[in-house]
1. What GluC sites (Glu not before Pro) does the stretch B:175-282 have in DSSP loop regions with at most 11 other beta carbons within 10 Å?
2. How far apart, in nanometres, would the label points at C:R86 and B:L206 be if each is projected 7 angstrom from Cα along the Cα-to-Cβ direction?
3. Across the stretch C:387-495, what fraction of all alpha-carbon pairs, as a whole percent, falls in each successive 5 Å bin from zero upward?
4. Which whole-number percent gives the relative contact order of chain C, counting Cα pairs below 8 Å spaced six or more residues apart?
5. Taking the Cβ-Cβ separation of B:L77 and C:R376 as r and a Förster radius of 51 Å, what is the calculated FRET efficiency to the nearest 0.05?
6. What is the average number of partner chain Cβ atoms found within 10 Å of a Cβ in A:168-175?
7. Below 8 Å, C-alpha to C-alpha, sequence gap of six or more: please give me the relative contact order for chain B in percent.
8. Averaged per residue, what accessible surface does the stretch B:2-294 expose to a 1.4 Å probe, in Å²?
Amino acid sequence: MSIVEGSGTKSRLRAAISAIGLAGVGLIAVVVAFGDVIARVPAGAVKVGPPSLPPQVVYAFGTDALGRDVMSETVHALTVTFSSAVLATIIAIVVGAIAGFAAVRAPLRLGIALRGIMGVFGSVPVLLLAVVAVGIAGHEFAPIAAGLAASPSIFNRSFDRAMRLARSRHAEYARATGIPASTLLRRDLVYEVRGNFLNVAGRALASTTIALATLGFLGFGATPPHADLGLMIAAARATYLDQWWPALFPALALILLILFARLAAALDEGEPP
Amino acid sequence: MWRDWLLRAAQVIGSLLGALVLASLLATLSQPTHGFWPLLSVFCAKFMAALEGDFGRSAVTGARSMAAAVAAFPATLQLLTVGAVIALVIGIPLGIVLSASRALRAAAPLIEIIAAMPVFVAALALIWIAVRVLHWSDASQTSALSWTALVRSGGWNAAWQTFALPALTVGAAGAASVQLSLRRAAVRAWSAPYRNGLRMMGLGTLDIDLRYAVPEVIAALLRDAGEIALALISATAVAEWVFHRDGAAVLFLKSAAFGDWNVAAAVLFLFAIIKLVAEFLGLAASWLVAPDEGAA
Amino acid sequence: MNEPLLRIRDFTLTPVGAAKPAIEDFSLTLASGGTLILLGETGSGKGAVLRALAQPVSRSARASGTIQLRGHPEQPIRHMTAPGLRIAYLPGPHANVLNPHASVLSQLALIIARKLRQPKASARAELALALERLPGAPALEALDHPPALIAPEVLGAGLLAAAMAQTPDLLLADDPLGELSPAHARALASALKAEQKRLGFALLYSAARAEVANLLGGNLVVLRSGHIVEEGPASRLATAQSHAYTQTLFRAMSAGERQNPDRSAARGEPLLRVQGLQLTTRGKPTARAKLNFELRRGASLALIGEIGSGRRALARALLGLDPVAGGRIVFDQVDIGVLNATMMARLRRRVAFVTGDDDALDPRMTIFDTVAEPLRAHLAMPRDLVEHNRDAALKRVGLAASPGNRTVLSLSPFDRRRLQIARAIVSQPLLAVIDEPLRGLDAFAQSVVRDLLRNFRSNEGPALLVITSDFGLARAFCEEGFVFKDGQVVERGAIATLLHAPQDPHTRKLLDAVAALPVSVPEPLKPSVEAAPPVSEA
């Protein structure tokens, strides 16, 4: 539930914010889909132009120390980051939100045991969990690692919410009139999806993007030539104090993706844990 | 009531044991085996040793893993503590201001726009501002020395220039979490029906806020101590890496990169302890502040 | 002293964002020791008058009119100050005016301390003293819990004591009797009148139901949509109203009690057969005799008693929701004691609930989904048939004009009650459990819900299990009744017998609480239904 309480005007405002966010994410998806056309050269192509050229007409985002076109590199890196983040988000929602809801319908002890296990995973920051997963399984595993690492906190929120719903008075009355558990589960999932899917998906996309970009920056993400935005920024770190453009444009792309994801969630700040 | 607290203590102990299991599972990776039963046997041995604080030896240096982790922790704790203080100093007033009126409450989620910046991007931006705008020394941003060593070697100014930015990075990340928690609680408290009811019955607004609303808000903030601790730990890990500080988080990252799972397990366990202890202490403190409300 | 305590002239208030005034050109005069009841439905403006006196008018609201307090010059009501005049506010126990987490005792003591400018310890002593003056009032320690853990009648007594401890000149009562059971409302009203006589304060009471006029007397002002439609002594208006709206209000109050219940012919096998049932209290069997009775298809049974008397425990036991210490319950020829959870759930498909609990419906669901869910879940009907039945049920309860995608959260308590009835209609139940269905509704809403329940019963013909503390409601719907106290059935029999020849003192107390109605009320809304032969019990 958003802290901006729902009234008519505020609901319309939230819908407008969400629409802007969705449009932004959609635009990024289009850029990603046509990335090979928008980027003039393939990923990692060196000596495309003179090295360390600042932004200008020919090279809108400039070139880096190896003569790579920063705009093309940014588009390719955005593609890697965005597609990884989408995969990670799907995993986080399936393993987190849906499993959290379904676990409440499991036998009580099993549900509570699962909640306890997820609580333990939730006591470690998402970033560190993702680092462990990548360290064990390899860099190619980064999107799955980010998704799995983000899922415990989503699982715990979903489980707690589903437990509150299952113990609510209206659920008790429904059971007293013979409404089966499957109908109640379907009721919860339908209304949670209808009411909250964009919020959950938007927040999950934002947090997995941050996790993936940070993994890339720390060297646990995608490897060249398929660099992601985090790795691009890390590579530009040595020279960015003088040549800001190889770091700034990927950072802006990253911030925009995260921002649009949060706007798509209508700036929902989530229920308190 | 005592039963509730015993239950919570049992939950914390259960969570600590769970964290120990997790760390032991990780440490099991340092001893490659084939087959389920050999793996289970190694895990059990690791777990039993971990119960006594023994996480084995580092595959890289040969030193005892827990000793290496504990040796690296003071620098991390230093950064974490200062970051937490900054988080509270910035986050609490920000949270109060942004929940003060309807207009500000409606505008508050726009803070999310600023929070869209990942920690490492914010850290690099701070460095750029410090070097290019404030003309601080570039070299000072990559010193691994502790605060006291910096003061001894370079004086207060050098120490300040070196330590300020990592602390500010961690503090800013923590402040976002603090103000969010505070605003959620403040909005709930300010819009509660009892405020109007008690006013009609004759209590003044200040009375109502000081006796009921403010303790509720503070208690809610304390209950979120675990989440805030997670945000701070995560930010500390990134800040240590960006600013080249030799703390436990960098040790963890290097261990994970080199597959030195004993050391990684020891550090992970220590971080889990910080989070769980912060959570429990936060719950206890929230009960002291607002005993009527009870912990979540 | 002949000068009135309070005089309001031409008070008009338009709240922030409202298109029209909540109250318009309202005037009143109230003498010391006098009683004035503002009677009206939700939205009539009575609450606006009370709030304007209890706290300063919001700066962003538009307000005009003047107020004159005894001994003070006339002043704009917006800038009302009342130095030297003690005003106390008395809410109802369900009004959510107190902090839900803090102890009621602590909050009331603080309020008294601030109003009387005393230390908190002295305020506690004042509260204790005020409680002692109320007959049958609880001990002070009974209030030392959060509001949700205190019974409504105990909380009501505590709130009254807190108001009395302030020795007010003017008491603003925001319908504190409204949601109490008739017995408790009567007791509290007596206590209030006794304190008024002792302290001599003026009472301004905001009421949603006309029964209050019988309990408190004084003068009555009838409000509708922010305007006064009629005013005069309560005793006169109770028997002879001039304005059609006032007549309708009083007629709506009396219609339920005057009408005999529809007597469906009891037919076929017993729907519910209970043999040797021993109830449990907190998991332990109660000591008294075991229950034996039958409820035939189409018949009705009232479980009458206060909250905590055991009536709901019996209902839950009958539906298999709680374990029983001993005995056998046969529902629709099936012994529920041998059923597993899945089979029990199938059996419960033939049960419907209509309850005064506003949380009974899922607030996320839409109107359409709420009514259609039983059809889809129990009967697996095709879509067009589901929609047809759904629309027919909504039309019957008067919700057809509401957009079907409106959520339950956005509905008023009245609409939610009607929606429950629509959901019960489509369920085609064998047994309908009716649990305080009129709670929290104003007079009109109550009469509509009563009529809908009667219509539901006569068309769908379920057996009824009515849980209530109000003998009037029991009489309106049931032929038989059990009277509960402290987890036990203290008396049972035909409702007519319980009404005219009660044996148990507790039954007599519950009967006394139902306000006696004046004889000459304008013609009833419907003709009386012929009484069917009483249902026999095992």
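The values are calculated or read from the model by the stated rules, or taken from the named source; none is laboratory data. Owing to the predicted nature of the structure, the values given are computational and were not obtained by experimental measurement. We place every Cβ from the backbone using ideal geometry, glycine too, and count neighbours over all the protein chains shown. Surface areas here come from the heavy atoms of the whole protein model, side chains and all, with no ligands, DNA or RNA. Shrake-Rupley method; radii C 1.70, N 1.55, O 1.52, S 1.80 Å.
1. Within the stretch B:175-282, no GluC sites (Glu not before Pro) qualify (loop, at most 11 other Cβ atoms within 10 Å).
2. Computed distance between label sites C:R86 and B:L206 equals 2.4 nm.
3. The distribution over the stretch C:387-495 is 2, 11, 21, 22, 18, 13, 7, 4, 2, 0, given as percents.
4. Rounded, it is 16 percent for chain C.
5. On the way: r = 58 Å, r/R0 = 1.14.
E(calc), rounded to 0.05, equals 0.30.
6. 6
7. Relative contact order, chain B: 29 percent.
8. About 44 Å² of surface per residue is accessible.
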